[in-house]
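Quick notes on the structure that follows.
The values are calculated or read from the model by the stated rules, or taken from the named source; none is laboratory data. Computed from a predicted model, the values in this text were never measured in an experiment. Note that each Cβ is placed from the backbone with ideal geometry, even for glycine, and that neighbours are counted across all protein chains shown.
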Amino acid sequence: MRTIGILTSGGDAPGMNAAIRSVVRTAASLNIEVVGITRGYAGLIQGDFRRLNTSSVSDIIHRGGTILLTARSEEFRTKAGRAIALENLYREGIEGLVVVGGDGSLSGAVHLAKKGMPVIGIPGTIDNDIAGTDYTIGFDTAVNTALNAISSIRDTATSHERIFIIEVMGRHSGQIALASGIAGGAESILVPEYPVDYDRVVERLENARRLGKLHSIIVIAEGAGSAMDVNKEISKRTKLESRVTILGHIQRGGPPTAFDVILASRMGAMAVKLLASGVTNRMVGLVDNKLVDLEIESVLKEKKQINPDLYRLADVLAL
Ligand code: ATP
């Protein structure tokens, strides 16, 4: 294999740059050239390509976002759009492709693989909602960003003796809420995977007050409902004063944690080695701290569950 392509697609995630760097430098060590594709599948259809060498990826390891930019492409969802994408890949002499992105991006990769383009997927999304890997690139950074915010809010919650409801990202997944809620000592953690039990939330708040605790933190994943609704429910049911903070996009940005940089570096290197050895249609994953590769379609068929032990632990530790 002489030339491979790389693109980042879907939502950006801290650590994507470290993955790009690892792909480029691992490929260089194997005398393989790398073409960077700008704006994910949209750039693939537009033929927005540039050669990347080892110095093109200098000084990016610590940067959030992605130097290749990312986008969502409706055209790539069509057969005609994908045919143009494939044609562009062949015209550029690209013999294998690394796709870094979430489940949508990986679904797109399967289409290309089925048409004969060797493809390896790298799970890159802050949501950690992809089966077959314990962690996706960007999740650890997002959790730490949320944790920093929770810690700051806790200071003011303590000083004003208030309840704070903090909404974190996760439309379909409570992974960020659960991890940042446990690490931030939240009294209640509300996730889309389990129904919201307001009786339990209120009981906890009132118990905490009885025990002399003057502040409380509730962490809710956006997919579990709205923080505003939780706020309304608390004021309806109690005399306690609560405030809402929605963390939003700060969770996507910022420099990646050491964990994410190392994960991205390992996954990038593995993706290149798989392509170079003729493997295709696989996603790189991390299971029990070991790199694995799994068929992309079987990974996508599975729904990643949140760890029930961790969920129960959160409940026990909260009070
Ligand atoms: P995140 O989890 O961060 O949102 P994602 O990769 O899941 O990332 P999507 O918007 O779902 O983000 O997908 C990114 C792009 O992948 C889409 O804009 C589209 O071009 C392509 N894509 C998604 N699903 C499919 C599909 N079923 N078939 C072909 N292409 C797809």
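Considering each residue of the range 66-80, count those that are more than 10 Å from the ligand (Cβ to nearest atom), among the hydrophobic types (A, V, I, L, M, F, W, C) and under 24 Å from Arg21 (Cα atoms), and give that number. Number of matching residues: 3.
On the basis of being of a type in the set (Val, Ile, Thr), within 17 Å of Ile4 (Cβ to Cβ) and surrounded by 18 or more Cβ atoms within 10 Å (Cβ to Cβ), does Val279 make the cut?
Numbers: of a type in the set (Val, Ile, Thr): yes; within 17 Å of Ile4 (Cβ to Cβ): yes; surrounded by 18 or more Cβ atoms within 10 Å (Cβ to Cβ): no.
When the stated conditions are applied, Val279 does not pass them.
Could you please let me know if Gly96 is in contact with a Pro (Cβ under 7 Å, 6 or more places away or on another chain) and away from the ligand (no atom under 12 Å from the Cβ)? Give the steps one after another, and end with the answer.
On the way: in contact with a Pro (Cβ under 7 Å, 6 or more places away or on another chain): yes; away from the ligand (no atom under 12 Å from the Cβ): yes.
Criteria met by Gly96.
When the residues of the range 21-45 are filtered to those that are within 16 Å of the ligand (Cβ to nearest atom) and assigned to a helix (DSSP H, G or I), the one that is farthest from Asp260 (Cα to Cα) is Ile45. Within the range 85-125, the set of residues being under 20 Å from Arg51 (Cα atoms), of a type outside the set (Asp, Glu) and assigned to a helix (DSSP H, G or I) comprises Ala85, Leu86, Asn88, Leu89, Tyr90, Arg91. Scanning the range 279-319 for residues that are outside any helix (DSSP H, G or I) and farther than 19 Å from Ile120 by Cβ returns Asp288, Asn289, Lys303, Lys304, Gln305, Ile306, Asn307, Leu319. Tell me, yes or no, whether the range 48-71 has at least one residue that is surrounded by 15 or more Cβ atoms within 10 Å (Cβ to Cβ) and at pLDDT below 95. Within the range 48-71 (the criterion being surrounded by 15 or more Cβ atoms within 10 Å (Cβ to Cβ) and at pLDDT below 95), the answer is yes, since at least one residue qualifies.
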